[in-house]
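Step one of this worksheet: look at the structure below.
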Amino acid sequence: MSDQQGEDMQDQALVPTTHFGYQEVPETEKEHLVKGVFSSVAGKYDLMNDLMSLGVHRLWKRFTVDLARPRPGQRVLDLAGGTGDLAAAIYPRIQPRGSIVVSDINPEMLAVGETRLADKGIVAGVEFVEANAEELPFPDREFDLVTLAFGIRNMTHPERALKEIHRVLKTGGRALILEFSHPRWPGLQSIYDLYSFQLLPRIGELVAKDRESYQYLVESIRRFPDQDTFKMMMEDAGLERVEVFNLSGGIVALHRGFHMD
């Protein structure tokens, strides 16, 4: 081995890495890779969610909105808001005079969401912002409520996103984060693994013509921390009174925390 090859290998070893599904990739590449996944699936995203969850994702999101308790006149941030389904459910509850910002790192997902909300007549008081949740372009203490559904596991540094959520929440504001998690019912894990690794990528191949993206999405679920670990991450970011609500036996978990200072 030449001295140059040795130096190159040493340099590569110093580059911070993170997970992209089951792959290890340089941290600087993950954002680009995740954007590619969601650019690929944007047009079929809601259809695939219906197929993959047998429609149950709509119940999970309804529970999230009910627990969030949005009220008239409040200002809301929906992170990784993509196709706008949470925003559409929240919007009527903050009227009159409420406003909602739908933020996503992926412009294709935002475009789908903007079109769908406009088709529902949801235009006034709605803003779409392309932004990285780890570096939000909003002032401190701007929002009464922050929601984030099925997006934080795709972030390079979820702990930074949690700190940003805490920063932009008003005192007394609340954050609700819905994400795939770790089954808690006995025997459910083996059934879930079979469904996830055998059926879901196949559905992605048949319906969205994209097996690889759905293979990544399954793997990203398995790499995400369990309920108790994520609860501690929220607390480390400054959120308080954090509660965990296991849905569908823990396949999905809703975490709720508050900005109390």
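The values are calculated or read from the model by the stated rules, or taken from the named source; none is laboratory data. No experiment lies behind these values; they were computed from the predicted model shown. Every residue, glycine among them, receives a Cβ derived from its backbone with ideal geometry; neighbour counts consider all protein chains shown. Accessible surface is based on the protein model in full, side chains and every heavy atom, while ligands, DNA and RNA are left aside. Shrake-Rupley method; radii C 1.70, N 1.55, O 1.52, S 1.80 Å.
One line per residue, one yes/no per condition, for (1) assigned to a strand (DSSP E or B); (2) in contact with a His (Cβ under 7 Å, 6 or more places away or on another chain); (3) over 21 Å from residue 150 (Cα atoms):
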position: 92; (1), (2), (3): no, no, yes
position: 109; (1), (2), (3): no, no, no
position: 116; (1), (2), (3): no, no, no
position: 127; (1), (2), (3): yes, no, no
Handout entry: Single residue of the range 105-142 satisfying the filter (hydrophobic (A, V, I, L, M, F, W, C) and touching a Pro at 6+ places or on another chain (Cβ under 8 Å)) that is nearest to residue 89 (Cα to Cα)
Key = 129
Exercise for the section: For residues that are open to solvent by 40 Å² or more (accessible area, probe 1.4 Å) and of a type in the set (Gly, Ala, Ser), scanning just the range 81-114, find the one that is modelled with the highest pLDDT. Expected result: 89
Fill in the blank from the handout: Within the range 50-80, restricting to residues that are crowded, with 16+ Cβ neighbours inside 10 Å and of a type in the set (Lys, Arg), the one that is modelled with the lowest pLDDT is 61
Problem - residue 76 vs. criteria touching a residue at least 60 places away in the same chain (Cβ under 8 Å) and assigned to a helix (DSSP H, G or I) - result: no
Completion exercise
From the option list 167, 160, 174, single residue qualifying as closer than 20 Å to residue 227 by Cβ, among the charged types (D, E, K, R) and at pLDDT 95 or above is 174
Exercise for the section: Check 110, 145, 79, 136 and return the single one that is of a type outside the set (Ser, Thr, Tyr) and out of contact with any Gly (no Cβ under 8 Å at 6 or more places or on another chain). Expected result: 136
